[in-house]
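The values are calculated or read from the model by the stated rules, or taken from the named source; none is laboratory data. Nothing here was measured: the structure is a model prediction, and the numbers come from that model. All Cβ positions, glycine included, derive from the backbone under ideal geometry; neighbour counts span all protein chains shown. These area figures cover heavy atoms from the full protein model, side chains too; ligands, DNA and RNA do not enter into them. Shrake-Rupley method; radii C 1.70, N 1.55, O 1.52, S 1.80 Å.
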Amino acid sequence: MLYLGAGKIEDKDLPHRHKMTDMIFKAYRKCIDATVEEMKRAEGRISFTNDLWSDPNLDSYMAVTSHFYVRDEKGNLRRRNGLV
């Protein structure tokens, strides 16, 4: 979110940290639900990959990705993937 208010930004103009957290979790849930629904239509098997890393402060992170094929409206196989 970028706002250039020429120095006229007031506290009421910015979302509260709890509101931002709620907005982020709702967007995350929407993406996860869409990926899960798409995986339900998978043709064959679903493969999962993962990646682990840490930042300079030694905070650890992990990502899990799914890879699969679905049929499009013409019946053609399309490769899909999603962050799980």
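Out of these labelled values of percent of Cα pairs over 22 Å apart, (1) 19; (2) 38; (3) 54, which was calculated from the coordinates shown here?
Among (1) 19; (2) 38; (3) 54, the one calculated here is (3).
Can you give me the angle between helix 17-40 and the longest principal axis of the chain, using Cα atoms only, in degrees from 0 to 90, rounded to the nearest 10?
10 degrees
How much accessible area does residue 48 have with a 1.4 Å probe, in Å² rounded to the nearest 10?
Using a 1.4 Å probe on the heavy atoms, I get roughly 120 Å².
Between residue 64 and residue 23, what length in nm is gained on full extension when 0.36 nm per residue of separation is reduced by their alpha carbon distance? Please list the in-between numbers first.
Numbers: separation 41, 0.36 × 41 = 14.76 nm, distance 2.22 nm.
Full extension from residue 64 to residue 23 adds 12.5 nm.
Once both labels are modelled 7 Å past Cα along the beta-carbon direction, what's the residue 37-residue 78 spacing in nm?
1.4 nm
Pairs of alpha-carbon atoms within less than 8 angstrom and 6+ residues apart define the contacts here; what relative contact order does the chain have, in percent?
22 percent
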